[in-house]
Each structure stands twice: as structure tokens, then as C-alpha cells.
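Report on the following structure.
The values are calculated or read from the model by the stated rules, or taken from the named source; none is laboratory data. Fair warning: this is a prediction, and the values are worked out from it, not measured in the lab. Every residue, glycine among them, receives a Cβ derived from its backbone with ideal geometry; neighbour counts consider all protein chains shown.
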Amino acid sequence: MGKRRRVVERRNTRPAVIGGMIAAVVGGAGLGVYLLYGGAAAEGQAGATGDHKTVKTGPLSATEVRTTAERFLTAWQQGRVNLAAATTDDSAAATAQLTGYTKDARIKDVTLTAGTRTGAKVPFSVKGTVTYKGISKPLAYDSSLTVVRRARDGKPLVDWHASVVHPDLKDGDKLVTGESGTPPIKALDRDGGELTAAKYPSLGTVLDGLREKFGKTAGGKAGVELRVARGKASTADKLSDKTLVELGKGTPGTVRTTLSPALQAAAEKQVTKQKRASVVVMRPSNGEILAVANTSHGFNTAFQGSLAPGSTMKVITSSLLIDKHLASVDKEHPCPKTVKYGGWTFHNDDDFEIKGGTFKASFARSCNTAFISQAKKLGNADLTNQAQQVFGLSMNNWAIGVPTFDGSVPVQSAAQMAASLIGQGGVRMNPLNMASVASTIKAGVFHQPYLVSPSVDHRKTATAGRTLSAGTLSQLRELMRYTAAYGTAAEAMSGLGPDYGAKTGSAEVDGQKKPNGWFTAYRGDLAAAGVVQAGGHGGDTAGPIVAALLKMGS
């Protein structure tokens, strides 16, 4: 048993929460401070007996969480920045952010209302007024804070992140009110209709990106607004500034996109059928993006996600194996239950095997070992080169009109290289990338996807170094057609043939019970790809979403 602890609470009048509202603080900075002792006095205190200080550990109590949250929110509401910051585990960052809240964001008359605690997390609502040069607008939003125990002394503190101040802030970002540096835009679909986040919720981040890219050149005039100004880390992650409150309207410029209103509306509807779904539809013949949608609207996973693509990666790997004469559609190809490589043992789903089967059969049933078995015949950089030179991926040079993640296929060795062949290891993609892969197979050549025509700003688009040979391309189309007709994609693609092709995928994620489900396919002059995170098999989850959009025709 450890030493018996006693808690000495030194305080004047602790803050109270009345009807969910934080009452005024009485008694100054000594409010609600807890000193934890082991023995008669703390180590280092005058008159100490030499007993060592006992540091409180273990889960936070409801009282500790509630009291810490009350202290922080009360001090913030009263404008006592230093006291509020001292209640966090990063007082310097908190001081800067809370000072900027008043000085840069020009927010005043702040009222904070605490909600019901859940564990160490306390939600709260914020109401205030944004004022700039005589113009005022109300501000209201919800946020939350989490209380943690400081390791060195056990003191409960607010776990500081910029998102405590506003949920749209990432660390390093700040809130700013003033004349925006970038004029607003009016984004149009391909038919001339206006695109708004109210009508198409998934397009919020897309519209932010379009404004950042084209606002200054589209002919508009800047207005006055409260906005999220991105810091270095967010800029590196390709996040755009975000408008929160518009105080004075600017004059928007006009930007026409390639989005189809019918397909965009359908995509928005389809992703609501799964908890964490994302999908992209594009045109193989020229690279036009026709729709993009995500179940969650805070981050554009469809364009900027970085996820292991699972077996959809086998489209790229198959092109490599066929190019190197290591596989051929109708030739016999090994598909054992397991294969060892680089010290790892790789399995098929449920340890199935195909005895005496062809490569086409292995592809259609998504046999992992059929691909891993060829790793010993490949160089470490072969898959990377194939992804870059044929499919235009993993070079960080796409210019679609808004920020994107362009896929990553790093050079790896041993077991990680083998895992990359089946879309695991270090390989990372998103639906835009995988829709482009399907488009490349359908078109026979890589066309960089784009949301705004390159002719608008004369930007240079990415190109691939080479095209697949006619023989390899023909075999890849046969593999994807057979999978759509008879393989793991058959149920989702039923009735869509004969000019079609598909590949399913499931990607394991550490700590996640179900894999991410992937699906990429084409039909006529449409190609699409989707992912359902933690959804399970791609044919059952992402497949119906993609197929429903392809059914709408070219």
C-alpha cells in the first residue's frame, strides 16, 4: 500500500455553475487550487520534515474535471487570460490564442455555457459578438475541452489545443477579423448552377479551396469577415482558410467547375447510407471530376485522405506483373493459403486457396498470396516507379484546382515491400487517387483529374512518363471486367455490363475491428472510387455507393 494521502484545499469562493451558466469568479487567482501532500508538509516547503511529495495518479474524478473546466471557462469569460491559460497544460500557447481571440478576432461579450461532462471531456457553447469598424454580428458555436492529469505533480489541467477556442482551429491556426485578403467566389457547376455548402454539404472544404486558389483572379472584391487563418502546419496539410462570420459582403468572382449537379446530388445522398463514406466520380476520357462527397464534412477524405487502399492496389500491381511477364490473364498462377516473405506470413481471407487456377481467377477473388509470391522477383522501387510513371501517382504534383493528396507509394524493402503489393505497408491513397487508377485503365492513358479547367488559369497539370502497352492494357481490362462480372465485385456491379470493370478492396487498420472497405470501377465514360472506413468488405459497403453512381450513365 502507498502512503495515505490527504488533500488540502486552499480557496476563497469557488466558481459555481448555475443553470449551466458559469457564475462570476470571486476571490482572485488563488481560486480552487489543490495541494497534494504525503506526510505533514510538502517537500521543499519551509519547515518540511523531509517526507516526499505524493503525486496523485489514476483517473480524474468528476470533481476534478468539473472544477478545472469551471476555472478555465470562468476566467476566459471574464477576460482574465493569464488565469485561464494557467489552468491549461500549455500556458504560453493558450495565452497567445486567448489574447488573439479578443485582439485579432475582435470577439467580445463572450458567454460560455458548460454542458454535461462525459468522462474527462466537457462540452460547452459559446456566444459572443464580432465587431469591426462599427459593424457587429452575433457569433455562436459549440466546442469542448478535455481535462488531463499533469504527470509531474498530478494536477488536473485543460489539455490545450487551439480547437478548444474553436473546433475549426488546428494548432498553429488563429482567428482573425478584418478585410479578407481573398475575395469571395461564386462557384458554378458544369451547367451554370450555383454550388453552395447548404445545397451540397460535402462541398464546404472544396469551396474554401476554390476561393483560396481563384479568389484573387476571378474578378471579385474582398469583404469583411471573421475567418480561420491557417498556420504553417495546416498549410503543409493543404488546409484552406475558412470563413466563419461575414460582416460585410464582398463582390464575388465567378469560377466554373466540372461538377455535375445530378451526380453531385446523388453522391451526397449515397454517402449518407454509411457512417464514414467518401466517393469521387470522374470522366476517364479527359479527367473531369463530376462529383465528390463525404459523410463527414469537416475534412475532405475523398480528395485529401491518406489511407491504405487494400486490394484495389492490385490493379497497379497487376500492371507491373504483366509488364514484367510475371503474370498473364489465362496462365496458371499460384494462390496458396499462405506465403512467407521478409519474415512475415501473409494470408488470404479465411485462408482460402485456388489450386491450379489462373491469374484471372486470383485477381477476381482477390488472392493476396498470388501477388506476395512474386515479391522475390521484384526490385524495391518497381512498384513506386509503376505508380509514378504509368498512373501519375505519388509525385505530389497534381493541380486540380483545390488541395489534394496525390497518393504515396514509397520505396520499401522486405516484408513492407511485399505488403505494398496488396495495398498495405506504406501505400496510401484516397478515392480521388483510386478513381484515377480506374480511369487510366479505361482511357488507356493517365489524365490528371481536375475540378476547374486548366485553361482558366493556364496551370500545368501532371503527366505520366509512359503508357501501358496494348497487350498489358487489354489484360488489365479483362481482369477488371471479369471481376465485375464473376468476382468479388459482381453483386455490386450486377446489370451494369458489358463495358465495365471493377476491383474491390479491404484494408486492415491497427486498432480497428473492421477493415476499411474500398471499391473502384468504371462503366462507359464514368469512373468512380469509394471507401467506407471501418465498413468491412468493399464489395458490400463501398461497392453499392460506387455502382449507384455509375448506373446514372455517362
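Quick one: which of Ala84, Ala69, Ala29, Ala75 is closer than 30 Å to Tyr101 by Cα, at pLDDT below 95 and assigned to a helix (DSSP H, G or I)?
On the way: Ala84 fails: at pLDDT below 95; Ala69 fails: at pLDDT below 95; Ala75 fails: at pLDDT below 95.
The match here is Ala29.
Which of the residues spanning the range 138-158 are touching a Leu at 6+ places or on another chain (Cβ under 9 Å) and surrounded by fewer than 17 Cβ atoms within 10 Å (Cβ to Cβ)?
Correct list: Tyr141, Arg150, Asp153.
Within the range 285-317, can you find the residues that are assigned to a strand (DSSP E or B) and more than 13 Å from the chain's Cα centre (by Cα)?
Just the residues of the range 285-317 that are assigned to a strand (DSSP E or B), to begin with: 288-294, 307.
Residues satisfying the conditions are Glu288, Ile289, Leu290, Ala291, Val292.
Being closer than 17 Å to Ser144 by Cβ and either modelled with pLDDT under 95 or assigned to a helix (DSSP H, G or I) (or both) is the filter here, so list the residues in the range 87-102 that pass it.
Ala94, Gln97, Leu98, Tyr101
For Asp90, are the conditions met, namely being out of contact with any strand residue (DSSP E or B) (no Cβ under 6 Å at 6 or more places or on another chain) and outside the structural domain of Glu225 (by TED's automatic domain parsing)?
yes
What tally of residues in the range 477-486 results from selecting those that are buried (at least 24 other Cβ atoms within 10 Å of the Cβ) and out of contact with any Phe, Trp or Tyr (no Cβ under 7 Å at 6 or more places or on another chain)?
1
Each row is one residue, and each column tells you yes or no for (1) exposed (fewer than 15 other Cβ atoms within 10 Å of the Cβ); (2) of a type outside the set (Ser, Thr, Tyr); (3) touching a strand residue (DSSP E or B) at 6+ places or on another chain (Cβ under 7 Å); (4) over 18 Å from Arg71 (Cα atoms).
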{"site": "Thr95", "(1), (2), (3), (4)": "no, no, no, no"}
{"site": "Ala105", "(1), (2), (3), (4)": "no, yes, yes, yes"}
{"site": "Val110", "(1), (2), (3), (4)": "no, yes, yes, no"}
{"site": "Pro123", "(1), (2), (3), (4)": "no, yes, yes, no"}
{"site": "Val126", "(1), (2), (3), (4)": "no, yes, yes, no"}
{"site": "Val130", "(1), (2), (3), (4)": "no, yes, yes, yes"}
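Would you please name the residue that is nearest to Ala105 (Cα to Cα), looking only at residues in the range 238-269 that are within 19 Å of the chain's Cα centre (by Cα) and either at pLDDT 95 or above or loosely packed, with under 14 Cβ neighbours inside 10 Å (or both)?
Of everything passing the filter in the range 238-269, Glu268 is nearest to Ala105 (Cα to Cα).
Yes or no: the range 513-522 includes at least one residue that is at pLDDT 95 or above, surrounded by fewer than 24 Cβ atoms within 10 Å (Cβ to Cβ) and of a type in the set (Ser, Thr, Tyr).
no
Please go through the range 537-551 and pick out each residue that is within 21 Å of the chain's Cα centre (by Cα) and either surrounded by fewer than 24 Cβ atoms within 10 Å (Cβ to Cβ) or not assigned by TED's automatic domain parsing to the domain that holds Gly487 (or both).
If the condition is that a residue be within 21 Å of the chain's Cα centre (by Cα) and either surrounded by fewer than 24 Cβ atoms within 10 Å (Cβ to Cβ) or not assigned by TED's automatic domain parsing to the domain that holds Gly487 (or both), then His537 is the only one that fits.
Kindly indicate which of Gly357, Gly343 is surrounded by fewer than 19 Cβ atoms within 10 Å (Cβ to Cβ), touching a residue at least 40 places away in the same chain (Cβ under 8 Å) and farther than 30 Å from Thr257 by Cα.
Numbers: Gly357 fails: touching a residue at least 40 places away in the same chain (Cβ under 8 Å).
Testing whether each residue is surrounded by fewer than 19 Cβ atoms within 10 Å (Cβ to Cβ), touching a residue at least 40 places away in the same chain (Cβ under 8 Å) and farther than 30 Å from Thr257 by Cα leaves just Gly343.
Here is a check on your reading of the model: is Thr129 in contact with a Pro (Cβ under 8 Å, 6 or more places away or on another chain) and without any contact (Cβ under 8 Å) to a residue 24 or more places away in the chain?
Yes: the conditions hold for Thr129.
Give just the number: which of (1) at negative phi; (2) surrounded by fewer than 22 Cβ atoms within 10 Å (Cβ to Cβ); (3) not charged (D, E, K, R) does Leu175 not satisfy?
(2)
Any chance you could count how many residues in the range 507-535 are farther than 19 Å from Glu268 by Cα and not in a strand (DSSP E or B)?
11
From the list Gly487, Gly465, which one is closer than 23 Å to Asp330 by Cβ and small (Gly, Ala, Ser)?
Numbers: Gly465 fails: closer than 23 Å to Asp330 by Cβ.
Gly487 is the lone residue from the list that is closer than 23 Å to Asp330 by Cβ and small (Gly, Ala, Ser).
Going through the range 249-267 one residue at a time, which ones are closer than 19 Å to Pro183 by Cα and either charged (D, E, K, R) or touching a Phe, Trp or Tyr at 6+ places or on another chain (Cβ under 8 Å) (or both)?
Lys249, Gly253, Val255, Arg256, listed by residue number.
Give the number of residues within the range 182-237 that are free of Cβ contacts under 8 Å to residues at least 24 places away in the same chain and buried (at least 22 other Cβ atoms within 10 Å of the Cβ).
1
Check off (1) in contact (Cβ under 8 Å) with a residue 40 or more places away in the chain; (2) out of contact with any Lys or Arg (no Cβ under 6 Å at 6 or more places or on another chain) for Gly497 and give me the number that stays unchecked.
Only one criterion in (1) in contact (Cβ under 8 Å) with a residue 40 or more places away in the chain; (2) out of contact with any Lys or Arg (no Cβ under 6 Å at 6 or more places or on another chain) is unmet by Gly497, namely (1).
Conditions (1) touching a Ser or Thr at 6+ places or on another chain (Cβ under 8 Å); (2) within 26 Å of Gly215 (Cβ to Cβ), marked per residue:
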site	(1), (2)
Val390	yes, no
Asp406	yes, yes
Asn433	no, no
Gln448	yes, yes
Ser453	yes, yes
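Mind listing whichever residues of the range 270-284 are assigned to a loop (DSSP other than H, G, I, E, B) and buried (at least 20 other Cβ atoms within 10 Å of the Cβ)?
Taking the range 270-284 and keeping what is assigned to a loop (DSSP other than H, G, I, E, B), we get 272-276, 283-284.
If the condition is that a residue be assigned to a loop (DSSP other than H, G, I, E, B) and buried (at least 20 other Cβ atoms within 10 Å of the Cβ), then Gln274, Arg283, Pro284 are the ones that fit.
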